[in-house]
1. When you scan the range 46-67, how many residues do you find that are in a loop (DSSP other than H, G, I, E, B) and surrounded by fewer than 12 Cβ atoms within 10 Å (Cβ to Cβ)?
2. Tell me, yes or no, whether the range 68-83 has at least one residue that is in contact with a strand residue (DSSP E or B) (Cβ under 8 Å, 6 or more places away or on another chain), loosely packed, with under 12 Cβ neighbours inside 10 Å, at pLDDT 95 or above and in a helix (DSSP H, G or I).
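The values are calculated or read from the model by the stated rules, or taken from the named source; none is laboratory data. The structure displayed is predicted, hence computed values, not measured ones. Quick reminder, even Gly has a Cβ in these numbers, built from the backbone with ideal geometry, and neighbours come from all protein chains shown.
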């Protein structure tokens, strides 16, 4: 009998927290290891239900290099912010923000 398989989560791999602006001007916050691939999934209707039918999506903000735990905590923190606070976060200097291109 072979030993049971052991599955290990790679918690130390870099995760990102991101904020999208949807076509209806709402903001969506999520986490991913590959933000561009995740946005592509959102666009194809395979991402979060919230973003389906709300395109075009625009990546406004991204924080990179987090562990899964850090990313989940930061996502929750950002989701608790008011819209005005999220807009301020997006506009402030610092952080790792991508170019403002439509995705």
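1. The total comes to 3.
2. yes
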